[in-house]
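Student: Structure provided below as structure tokens; questions to follow.
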Amino acid sequence: IQLRTCHIPLKQYLYRFKRAETPLCDACEQANETVEHYLQDCPAYEEQRAKFRTAVYRELDSIAKALSDPKMLPHLFEFITSTKRFEEQYGDLSYKRPNES
């Protein structure tokens, strides 16, 4: 939900509330760190993104679908976990299927 609403601790969001000195992405320092940049463009996560695209049959071009289709959730969480981008804030975000403990 945080990714869908853009209320997630990415630099551009944090910058709006003076919680970051700049909106620039720390991973690549080439663009503002937005949801779109994180999921689709950041060169620092290209390897992880390639695996994500393969898993979701290249449908990552539609961020709305990637963030709302339940079939994509395991792949989305795998991408998020592999980038370690939110590990400090949220800990382990590995996707657990409903019947897993």
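The values are calculated or read from the model by the stated rules, or taken from the named source; none is laboratory data. Since we're looking at a predicted model, the values are computed, not measured. We place every Cβ from the backbone using ideal geometry, glycine too, and count neighbours over all the protein chains shown. Areas reflect the complete protein model, heavy atoms only, side chains present, ligands, DNA and RNA absent. Shrake-Rupley method; radii C 1.70, N 1.55, O 1.52, S 1.80 Å.
Student: Which condition number does residue 93 fail, the rest of (1) at pLDDT below 90; (2) surrounded by fewer than 16 Cβ atoms within 10 Å (Cβ to Cβ); (3) of a type outside the set (Phe, Trp, Tyr); (4) not in a helix (DSSP H, G or I) being met?
Tutor: Every condition holds for residue 93 apart from (2).
Student: What pairs come out if I take residues in the stretch 35-46 that are touching a residue at least 40 places away in the same chain (Cβ under 8 Å) and pair them with residues that are among the aliphatic types (A, V, I, L, M) and part of a helix (DSSP H, G or I) whose C-beta lies under 7 Å away, six or more apart or interchain?
Tutor: Cβ pairs passing all conditions: 39/60; 39/63; 39/66.
Student: Now a separate question. What single numbered condition from (1) outside any helix (DSSP H, G or I); (2) at pLDDT below 95; (3) acidic (Asp, Glu) fails to hold for residue 78?
Tutor: So residue 78 meets the others, but not (1).
Student: I need the full set of residues from the stretch 2-24 which are closer than 14 Å to residue 63 by Cβ and either over 10 Å from the mean Cα position of the chain (by Cα) or open to solvent by 40 Å² or more (accessible area, probe 1.4 Å) (or both), in order please.
Tutor: 2, 4, 5, 6
Student: Take residue 27 and decide whether it is open to solvent by 30 Å² or more (accessible area, probe 1.4 Å), closer than 16 Å to residue 9 by Cα, under 13 Å from the mean Cα position of the chain (by Cα) and in contact (Cβ under 8 Å) with a residue 12 or more places away in the chain.
Tutor: yes
Student: Of all the residues that make up the stretch 38-56, how many are open to solvent by 10 Å² or more (accessible area, probe 1.4 Å) and over 10 Å from the mean Cα position of the chain (by Cα)?
Tutor: Total satisfying the criteria: 11.
Student: I would also like to ask the following. With within 21 Å of residue 9 (Cα to Cα), of a type outside the set (S, T, N, Q) and out of contact with any Lys or Arg (no Cβ under 9 Å at 6 or more places or on another chain) as the only criterion, which of 64, 44 stands out?
Tutor: 44
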